[in-house]
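Input: a single structure, listed below in structure tokens.
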Amino acid sequence: MGTFILVSDIIMAKVVKVEGFEAFQAKVAELSKAGGDLFVMFSGSKDANGVSWCPDCVDAEPVVNGCLSGAADDSHYLYVGVGDRSFWKDQNCVFRTAKETQLKSVPTLMKWGTKQRLERGSVLTRI
């Protein structure tokens, strides 16, 4: 008898990455019209080596990415770099002050259009 391997299609959210508030606004407007759930992950921006200045963001990224395989195929995942550490730490940072985001910490994962959000350590413990 032969060996049979069952290969199933992996369903995964469509992943888009942007940097900065204006790029975030433009992409969220576009993806909101596409239908399906929109999950937005706000993270400390990455350096030239692809590493975020935010250690919690570094820890959360593989956990969140691992969960994407269970997302519906019509859903979208928008990864948003909020800027470098000094930009983020400014209490007047647009990601903190804008009505649509009102971030208190990074990483923050939210289901866009709802009040559902996970902030900082809960991104790791509640997923």
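In this model, which of 17/111; 17/115; 33/104; 14/89; 46/99 are farther than 19 Å apart at the alpha-carbon?
17/115; 33/104; 14/89; 46/99
Hey, what's the per residue convex hull volume over the C-alpha atoms of the chain, in cubic angstrom?
Output value, Cα hull per residue: 135 Å³.
Could you list the square roots of 5 times each eigenvalue of the Cα gyration tensor of the stretch 54-123, that is, the equivalent ellipsoid semi-axes, sorted largest first and rounded to whole Å?
Working through the eigenvalues yields semi-axes of 22, 15, 10 Å.
Can you give the local net charge around residue 104? Use residues other than it whose beta-carbon is closer than 11 angstrom to its beta-carbon, Lys and Arg +1, Asp and Glu -1.
+2
Can you run phi through the Karplus equation (6.51, -1.76, 1.60; θ = phi - 60°) for the stretch 109-120 and list ³J(HN,Hα) in whole Hz, with x for Gly and Pro?
Per-residue couplings from phi come out as 10, 9, 8, 4, x, 10, 8, 6, 7, 10, 10, 6 Hz.
Report, in deg cm²/dmol and to the nearest 500, the calculated mean residue ellipticity at 222 nm for the chain, where each DSSP H run with n ≥ 4 adds -39500 (n - 2.57) and the sum is divided by the residue count.
-8500 deg cm²/dmol
How many nm separate the modelled label positions at residue 32 and residue 116, each set 7 Å beyond the Cα in the direction of the Cβ?
1.8 nm
Work out, step by step, the length gained on full extension between residue 87 and residue 59: first 0.36 nm times the residue separation, then minus their alpha carbon distance; give nm to one decimal.
Using 0.36 nm per residue and subtracting the Cα-Cα distance, I get 8.0 nm.
At 0.36 nm per residue, and after removing the present C-alpha to C-alpha distance, how many nm does the segment from residue 17 to residue 105 gain when stretched out fully?
Extra length from residue 17 to residue 105 when fully extended: 29.8 nm.
Here, each number is a calculation from the coordinates, and none is a lab measurement. Keep in mind that this is a model prediction, so the values were computed, not measured. Every residue, glycine as well, gets a Cβ built from its backbone with ideal geometry; the counts of neighbours run over all protein chains shown.
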